[in-house]
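Sharing a structure below in structure tokens format, with a few things to ask.
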Amino acid sequence: MILLLIILHEFYKGRNSSLSTKGGENLHCNMALPIERKTEWQYRGEGNCSLAVANLEEQQVYRFVKQYYTQQLDAITKSLDSQQTNLPTDIIEDELRKVINYVENVMQPLLSTHYVEPPVLCEIKNGLTKEAEVMVNESRPVHRRCKSQDNVDTRARTALVLPDLCFLPTTNTGPVYTCTQSLSNGTTVINDTACGPTISIELKPKKGFLPQSQYIDKASLRHQVCKYCMHQRLKAREGQWPRPTNYCPLDLFSGNRQRMKHALLGLIHTPQNNLKICKNGVEVYGAHKQKDLNLLLKDFFTGDARNKYLTSFLDLVIEILLSPRSKGGNSIETPSFNSQVCYNSKYVPKSHSKGDSGKLPMECVLEKIYSVQSLDELDIDGIYPIYQHLQTHLNSYPQHRSNWGLDGPYSEDWLTRSTFTDNSEHLQSAVLKVKKFLISKTVQDCSIMVALQPLVKRPSDMSSVINFDEQYFRYSISIIDLDPKRFDKIPTYYIMEQEMEKAYQENMDKVKLRDIGKKCETL
Ligand SMILES: O=P(O)(O)O[C@@H]1[C@@H](OP(=O)(O)O)[C@H](OP(=O)(O)O)[C@H](O)[C@H](OP(=O)(O)O)[C@H]1OP(=O)(O)O
Ligand SMILES: Nc1ncnc2c1ncn2[C@@H]1O[C@H](COP(=O)(O)OP(=O)(O)OP(=O)(O)O)[C@@H](O)[C@H]1O
């Protein structure tokens with residue numbers, strides 16, 4: 001019997017990997033099998049909507065939906081159709097399918113197959129989500145353990161699944177942690193492919209440009225201070241994080257290595273939810289855990305860099321962030337890219353280093369993210385009146401909401417199609433602007449995952465290998481968290497933007513008053 005179950009297990013495992021490129025059209029997963037053996041789960045992270053846990057055996061990460069997610073979903077579904085009687089399990093499944101379609105049909109073509117892999121829909125057996133949640137509980141941040149909204153929704157019968165991006169794409173032998181391998185005859189040989197730990201770094205870069213929209217008041221601070229820096233004041237006032245960060249997204253997106261390093265050091269100083277570093281999948285640095293990185297990186301570099309491991313690591317990450325994956329070889333600078341400076345940034349330019357033009361190379365991950373973020377040309381000030389206009393129209397013609405695909409389905413032509421020919425050109429163009437805005441919002445909230453492993457020598461296959469400081473590293477780079485943003489959230493965006501600007505302005509006024517006070521004291 002056990003043998004039969006194992007054979008079935010292997011069969012489904014094979015199916016799982018072969019289906020993973022099909023964007024989850026079918027439901028499949030070995031998690032549905034009645035294997036008695038307990039799965040080894042390891043914590044990977046979480047947001048408001050999902051708990052991400054790695055199945056160590058499969059090297060896959062499951063995103064289990066939380067109760068917060070289903071409550072939101074329930075409210076939205078009821079507001080759109082008060083008659084709806086679907087079961088929560090079906091609603092969740094439909095919604096997860098939409099996420100897959102959005103990533104596959106909208107995000108991947110825009111951001112490239114090199115960086116984006118659509119998740120797969122996986123059926124999960126009863127009791128599995130709870131089992132995983134209990135197993136990883138100790139690793140979760142304390143504030144996530146007490147609210148019922150942060151509990152996984154055990155009614156869900158499906159989950160989104162992606163490869164474990166804290167590791168390099170798996171080989172037949174699985175991830176390699178050590179430099180040596182024990183052979184069956186008792187001898188030990190040096191592993192010539194990979195050596196040392198896998199370090200992953202996750203960056204949530206946020207919005208990388210200052211708006212140039214004509215709809216924003218000319219006198220507005222938003223032309224000088226980026227959204228992230230403004231938001232920091234509001235977050236500080238609301239006690240979301242103990243201290244504001246030195247990180248500014250415009251420094252990271254500048255393409256200038258010195259500025260980028262300044263940005264990364266800002267994140268090391270205050271990671272908040274914008275930086276997370278893992279060693280062999282275990283978080284070692286982030287918002288809630290800050291271990292000695294120089295010590296942790298010691299077995300990652302071969303040279304005797306003493307306390308400079310962190311500096312070397314950041315330089316290596318910068319090289320990867322600027323490397324043009326899809327083209328390979330030389331970097332071509334992006335013609336449309338103009339590096340901007342945020343008034344709030346603490347970066348002080350140093351002497352210009354050689355080869356540092358301060359431009360983003362075409363096709364590097366930052367350039368891809370930047371160019372898709374730039375689809376929003378109007379900013380919220382230009383979009384909000386369009387939203388109101390569309391809402392007024394929808395009050396009279398509610399059926400147009402689905403014609404326009406505002407809540408999906410996300411087909412290949414979601415952005416470009418004009419199936420709503422009975423609408424005026426004006427309306428069609430309004431819908432297109434809103435869609436571009438929502439796409440940009442998704443990419444303003446995504447994360448970059450880089451995984452790296454040192455190699456002992458130059459490998460014969462140099463794809464996804466970087467030569468840095470006379471050492472070779474294999475690496476992978478992916479963009480995650482590309483879920484669609486809701487049309488109905490536009491009014492919230494509008495209010496939030498005003499609150500952020502107000503909070504920033506009030507803080508500036510306070511600082512000014514304090515400075516005047518200090519001057520008066522010295523007179
Ligand atoms: O509005 P922002 O810029 O604060 O972004 C939100 C994120 O906050 P952050 O500032 O990154 O800490 C927020 O992140 P956290 O849950 O706070 O980690 C979410 O990603 C939120 O997206 P959604 O509502 O879950 O779809 C994000 O909302 P969207 O604006 O992307 O809809
Ligand atoms: N495939 C993966 N490999 C490794 N870690 C992952 C993977 N997917 C997610 N994670 C980790 O889990 C975290 C939370 O995942 P995710 O962003 O999908 O949750 P979320 O609830 O949608 O977040 P938010 O509410 O902030 O949008 C990520 O920030 C990342 O640290």
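Do we have Arg243 as more than 14 Å from ligand 1 (Cβ to nearest atom), part of a helix (DSSP H, G or I) and of a type in the set (D, E, K, R) here? Break it down into steps so the answer makes sense when it comes.
On the way: more than 14 Å from ligand 1 (Cβ to nearest atom): yes; part of a helix (DSSP H, G or I): no; of a type in the set (D, E, K, R): yes.
No; evaluated as a whole, the condition is false for this residue.
List the number of the failed condition for Glu57; all other conditions in (1) modelled with pLDDT of 95 or more; (2) within 16 Å of ligand 2 (Cβ to nearest atom) hold.
Among (1) modelled with pLDDT of 95 or more; (2) within 16 Å of ligand 2 (Cβ to nearest atom), the lone unmet condition for Glu57 is (1).
Could you say whether any residue in the stretch 491-502 is within 16 Å of ligand 1 (Cβ to nearest atom), surrounded by 20 or more Cβ atoms within 10 Å (Cβ to Cβ) and within 23 Å of the chain's Cα centre (by Cα)?
For the stretch 491-502, residues within 16 Å of ligand 1 (Cβ to nearest atom), surrounded by 20 or more Cβ atoms within 10 Å (Cβ to Cβ) and within 23 Å of the chain's Cα centre (by Cα): present.
If you take the residues in the stretch 42-71 that are within 13 Å of Ala132 (Cα to Cα) and more than 16 Å from ligand 1 (Cβ to nearest atom), which one is surrounded by the fewest Cβ atoms within 10 Å (Cβ to Cβ)?
Leu56
May I ask you to say which residue of Arg222, Arg259 is of a type outside the set (A, V, I, L, M), part of a helix (DSSP H, G or I) and within 28 Å of Gly382 (Cβ to Cβ)?
After ruling out the rest, the residue left standing is Arg222.
Moving to a separate point now. Could you list, in sequence order, all residues of the stretch 433-470 that are more than 16 Å from ligand 1 (Cβ to nearest atom) and outside the structural domain of Leu264 (by TED's automatic domain parsing)?
Of all residues in the stretch 433-470, those more than 16 Å from ligand 1 (Cβ to nearest atom) come to 433, 450-470.
Lys433, the sole residue that qualifies.
I would also like to ask the following. On the basis of being at pLDDT below 85 and closer than 30 Å to Pro197 by Cβ, does Gly286 make the cut? Can you show your working first?
Working: at pLDDT below 85: no; closer than 30 Å to Pro197 by Cβ: yes.
No: the conditions fail for Gly286.
In the stretch 138-159, which residues are of a type in the set (Lys, Arg) and either in contact with an Asp or Glu (Cβ under 8 Å, 6 or more places away or on another chain) or not assigned by TED's automatic domain parsing to the domain that holds Pro88 (or both)?
First, pick out the residues of the stretch 138-159 that are of a type in the set (Lys, Arg): 140, 144-145, 147, 155, 157.
The answer is Arg140, Arg144, Arg157.
I've got another one for you. If we keep just the residues of the stretch 233-260 that are within 22 Å of Tyr493 (Cβ to Cβ) and touching a Ser or Thr at 6+ places or on another chain (Cβ under 6 Å), which is modelled with the highest pLDDT?
This residue is Cys248.
Could you tell me whether the stretch 475-488 includes any residue that is modelled with pLDDT of 95 or more, crowded, with 20+ Cβ neighbours inside 10 Å, part of a strand (DSSP E or B) and within 16 Å of ligand 1 (Cβ to nearest atom)?
Within the stretch 475-488 (the criterion being modelled with pLDDT of 95 or more, crowded, with 20+ Cβ neighbours inside 10 Å, part of a strand (DSSP E or B) and within 16 Å of ligand 1 (Cβ to nearest atom)), the answer is yes, since at least one residue qualifies.
Scan (1) within 16 Å of ligand 2 (Cβ to nearest atom); (2) modelled with pLDDT of 95 or more for the single condition Ala263 breaks and write down its number.
(1) is the only condition that Ala263 fails.
Of the residues that sit in the stretch 157-187 and are aliphatic (A, V, I, L, M), out of contact with any Phe, Trp or Tyr (no Cβ under 7 Å at 6 or more places or on another chain) and modelled with pLDDT of 70 or more, which one is farthest from ligand 1 (Cβ to nearest atom)?
Our first condition is that a residue be aliphatic (A, V, I, L, M); within the stretch 157-187, this holds for 159-162, 165, 168, 176, 183.
When the remaining residues are screened for being out of contact with any Phe, Trp or Tyr (no Cβ under 7 Å at 6 or more places or on another chain), the result is 160, 162, 165, 168, 176, 183.
Narrowing the set further to residues that are modelled with pLDDT of 70 or more leaves 160, 162, 165, 168.
Details: Leu160: 14, Leu162: 17, Leu165: 17, Leu168: 26 Å.
This residue is Leu168.
Anything in the stretch 266-289 that is surrounded by fewer than 16 Cβ atoms within 10 Å (Cβ to Cβ) and more than 16 Å from ligand 2 (Cβ to nearest atom)? List them, or say none.
The one that is surrounded by fewer than 16 Cβ atoms within 10 Å (Cβ to Cβ) and more than 16 Å from ligand 2 (Cβ to nearest atom): His269.
So Ile124 ticks every box in (1) modelled with pLDDT under 95; (2) surrounded by fewer than 18 Cβ atoms within 10 Å (Cβ to Cβ) but one. Which box is left unticked?
(2)
The values are calculated or read from the model by the stated rules, or taken from the named source; none is laboratory data. Since the structure is predicted, the reported quantities are computational estimates derived from the model, not experimental observations. Because the Cβ atoms are built from the backbone with ideal geometry, glycine has one as well, and the counts that use them run over all protein chains shown.
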